[in-house]
Amino acid sequence: MSEYRNKEYIESMSLIKLSDDKKEKMISDLTKISPIRKEGMMKKRLGVKKTAILVAACIMVFGVTATATGIATGVVSHNKPDTRTGNFGDLEKLEQQAGLDITAVESFSNGYEFDHMEVGESTTQDDSFNDIQSYMGISMQYIKENEPYVAIYMDPIDMVSGDASEDAMASRKVGDVDVYYSCDEYLFVPVSEADVLTDEEKDRDANDPHFFISVGSDERETRMSSTVSFVMGDVYYCILSFDTSMSADEMMDMAEEIINAR
């Protein structure tokens, strides 16, 4: 845990009303989403854009996280607790706080309905945990009965690097906007299993751009992360859902509804 004990981590942890050991366990669980840095595994693929997606997912659930990007920088993020609201009409206020001009819908034709939204603050760091640049984004969560939640994250495009088209599994053109879909498999393993991965798992991690191994879970498990991303104006949008039954077309339909709401 020593590498995470920086100023942002300490300040963020102080906002969570849990015992110290519970906070440490929470961070341990959250950082299992970070790429493992053993034997060079994962470093080649997980760029700032994909890390931003997973960091945002952690923020949505827990309110705080610190994670390594695997490309010589890091991101420390936390929510602004006083910005969380279940009133869709508050969007303009959040836009003013985050300095973003976004497009959003209150409900989708597939049945997903707005639940809540909030402003998140992020700071990029170098390998020595020196702050580089801070920025704010907006996250929104949508729910549908008996289905996994869908989160939408919106960040300033100049803070999100990488090419979403590079490993996209499907794409669509909506007017002048390019929409990209990807579904990634994450194998979470306990620390005790980090040295006993199979050759097949190691080979997939080395060669499959949609397979990732992360260490730190209580037990071995696999999660599927489905994402749709696009850029509109000066904002990068990412629609995310874990273990969803929605197809690529269904998720890109959601993106299309947002784009057409401009």
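Among the residues of segment 146-155, those identified as touching a residue at least 24 places away in the same chain (Cβ under 8 Å) and surrounded by fewer than 18 Cβ atoms within 10 Å (Cβ to Cβ) are Glu147, Pro148, Tyr149.
Here the strands (runs of 3 or more DSSP E) wholly within segment 127-220 that include at least 2 residues being within 17 Å of Tyr236 (Cα to Cα) are 131-143, 150-156, 170-174, 177-189.
Could you say which residue among Val189, Val179, Val196 is over 21 Å from the mean Cα position of the chain (by Cα) and at negative phi?
Of the residues listed, the single one that is over 21 Å from the mean Cα position of the chain (by Cα) and at negative phi is Val196.
Selection of segment 102-128 for residues being surrounded by fewer than 17 Cβ atoms within 10 Å (Cβ to Cβ), more than 19 Å from Asn79 (Cα to Cα) and in contact with a strand residue (DSSP E or B) (Cβ under 9 Å, 6 or more places away or on another chain) yields Thr103, Glu106, Ser107, Glu113, Asp126, Asp127.
Output yes when any residue across segment 158-165 is in contact (Cβ under 8 Å) with a residue 60 or more places away in the chain, out of contact with any Asp or Glu (no Cβ under 8 Å at 6 or more places or on another chain) and within 18 Å of Phe242 (Cβ to Cβ), and no when none is. Among the residues of segment 158-165, not one is in contact (Cβ under 8 Å) with a residue 60 or more places away in the chain, out of contact with any Asp or Glu (no Cβ under 8 Å at 6 or more places or on another chain) and within 18 Å of Phe242 (Cβ to Cβ), which makes the answer no.
Considering the conditions (1) closer than 30 Å to Leu100 by Cβ; (2) in contact with a Phe, Trp or Tyr (Cβ under 8 Å, 6 or more places away or on another chain); (3) surrounded by 13 or more Cβ atoms within 10 Å (Cβ to Cβ), Ser165 is excluded by exactly one of them, (3).
In this structure, is Asp218 loosely packed, with under 15 Cβ neighbours inside 10 Å, over 30 Å from Ser134 (Cβ atoms) and not β-branched (Val, Ile, Thr)? When the stated conditions are applied, Asp218 passes them.
For segment 214-250, the set of residues classified as under 18 Å from the mean Cα position of the chain (by Cα), on the phi < 0 side of the Ramachandran plot and acidic (Asp, Glu) is empty. The set of residues in segment 182-208 that are touching a residue at least 24 places away in the same chain (Cβ under 8 Å) and out of contact with any Phe, Trp or Tyr (no Cβ under 8 Å at 6 or more places or on another chain) comprises Ser182, Cys183, Phe188, Val189, Pro190, Val191, Glu193, Ala194, Lys202, Ala206. Scan segment 87-96 for residues that are surrounded by fewer than 11 Cβ atoms within 10 Å (Cβ to Cβ) and more than 16 Å from Met136 (Cα to Cα) and jot them down. Once the filter is applied, which keeps residues that are surrounded by fewer than 11 Cβ atoms within 10 Å (Cβ to Cβ) and more than 16 Å from Met136 (Cα to Cα), segment 87-96 yields Asn87, Gly89. Output the residues belonging to segment 169-190 that are surrounded by fewer than 18 Cβ atoms within 10 Å (Cβ to Cβ) and either at pLDDT below 90 or more than 16 Å from Met252 (Cα to Cα) (or both). Glu185, Pro190 - these are the residues of segment 169-190 that are surrounded by fewer than 18 Cβ atoms within 10 Å (Cβ to Cβ) and either at pLDDT below 90 or more than 16 Å from Met252 (Cα to Cα) (or both). Any residue at all in segment 118-126 that is more than 27 Å from Glu256 (Cβ to Cβ), modelled with pLDDT under 80 and of a type outside the set (Ser, Thr, Tyr)? Yes: one or more hits. Scanning segment 94-110 for residues that are closer than 14 Å to Ala255 by Cα and in a loop (DSSP other than H, G, I, E, B) yields Ile102, Thr103, Ala104, Val105, Glu106, Phe108, Ser109, Asn110.
The values are calculated or read from the model by the stated rules, or taken from the named source; none is laboratory data. Model, not experiment: these values are computed from the prediction. No Cβ is skipped: glycine too gets one built from the backbone with ideal geometry, and neighbour counts run over all protein chains shown.
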